[in-house]
Every structure is written in C-alpha cells, then in structure tokens.
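The values are calculated or read from the model by the stated rules, or taken from the named source; none is laboratory data. Quick caveat, the model's predicted, so the values are computed rather than measured. Just so you know, the surface numbers come from the protein's heavy atoms only, side chains and all, with ligands and any DNA or RNA stripped out. Shrake-Rupley method; radii C 1.70, N 1.55, O 1.52, S 1.80 Å.
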Amino acid sequence: MTGVQTCALPICKVALLIGHETRNPQWADIAARGSSSVDDARVRASAIESLWGLTTPAAKDAFRRAARDTRHRVAGAGAVALFIAGDPEGMSAIFAFARSEQPEFRATAAWAMGQTANPSFLPALGPLLKDPEQSPRTLAVKSMVAIRTRMKKVREAGSIARSEEHTSELQ
C-alpha cells in the first residue's frame, strides 16, 4: 500500500537503495535527522523505510527517533518500522497520530494502519473515515481495504491448509 510516503524524487530512490543495500541503522539515523524541508522529509522517511524489518537495538533507536519527528512522513515511517520490529511503541505512535490535531498526521496514521494490515487498527479507522479532511478519509478507505484483503487471504490460507490436512487423512 502506498500513499502519504510515496516519493518519486530521484534522491528518495537513492536513499531507499542505499538503505536497502547497507542495512545500516546509523546511516539511516543520520539521514533521518536532516533538515525539515518537504523534500528532505521525504528523503528522511525513505532512509527509515529502507530499514523496515531490522530489529537490532540500533535500528529500533533510529526508528524511535524517527517516530517522534515533527514531520509526518518521517514519524510515520518510524512508527511502521517499530511496529514491524515488534516494538509496542509503533502501535502506540500510530494510534496517537490518529488523534492528532494535524490532518497530515491523521492521514499518516491511516496510511500506517494500512501498511501494517493489522486488524487491531480497524476500530481506529472508523473515525478517520469521517475526518473533516479528505486525505485521512481517502487513506482510511485504502487501509480498510488492505486490512480486509489480508484478513481474507489469511482465512483462505487456513481453509487451504485444513483442506490439505483433510485430503492427506483420506489417503
């Protein structure tokens, strides 16, 4: 699922490539602490996103700093990274973004919920569907679809596994 974090700038793609290749939390942390312009926020978010899946203490520290960033893109990438790393602070941050006064953070919350595809976020998406701003509403719909699609795939996978077990029992 994409949305708020998508960055078509070549520099963002370079940041993602460097992060994916090096898997270096220190590099991403330094990149994520750059200036606060819009383009830099996208690059900073891409640097953090490039490390999604890492669970080292250094990576989690970088993710925590990013999740507390004042720029919604960076904070969202950090919160999702923490969630993926199994850190409960990720889920807490996403819920906090959903309650933010700033519509950009509410949109980021909706986007992040879809990135995780975790059904625990479905109740929090309800209020975002009624948000006074368009962006949180649009992303809430996309995230609900992503979560429900994942739930359906999980159910189908369970049905296939049960069917295969039943077939093997009959042989």
Rounded to the nearest whole Å², what accessible area per residue is found for region 56-138 with the 1.4 Å probe?
42
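Assuming 0.36 nm per residue, please report the length gained on full extension of the stretch GLU133 to ARG155 beyond their Cα-Cα distance. Intermediate results must be reported in sequence, preceding the final value.
On the way: separation 22, 0.36 × 22 = 7.92 nm, distance 3.36 nm.
Taking 0.36 nm per residue and subtracting the Cα distance, the gain is 4.6 nm.
Of the heavy-atom accessible surface of region 63-112 (probe 1.4 angstrom), what whole percent is carbon and sulfur? Write out the running numbers ahead of the final one.
Details: 990 of 1910 Å².
It is 52 percent, rounded to a whole number.
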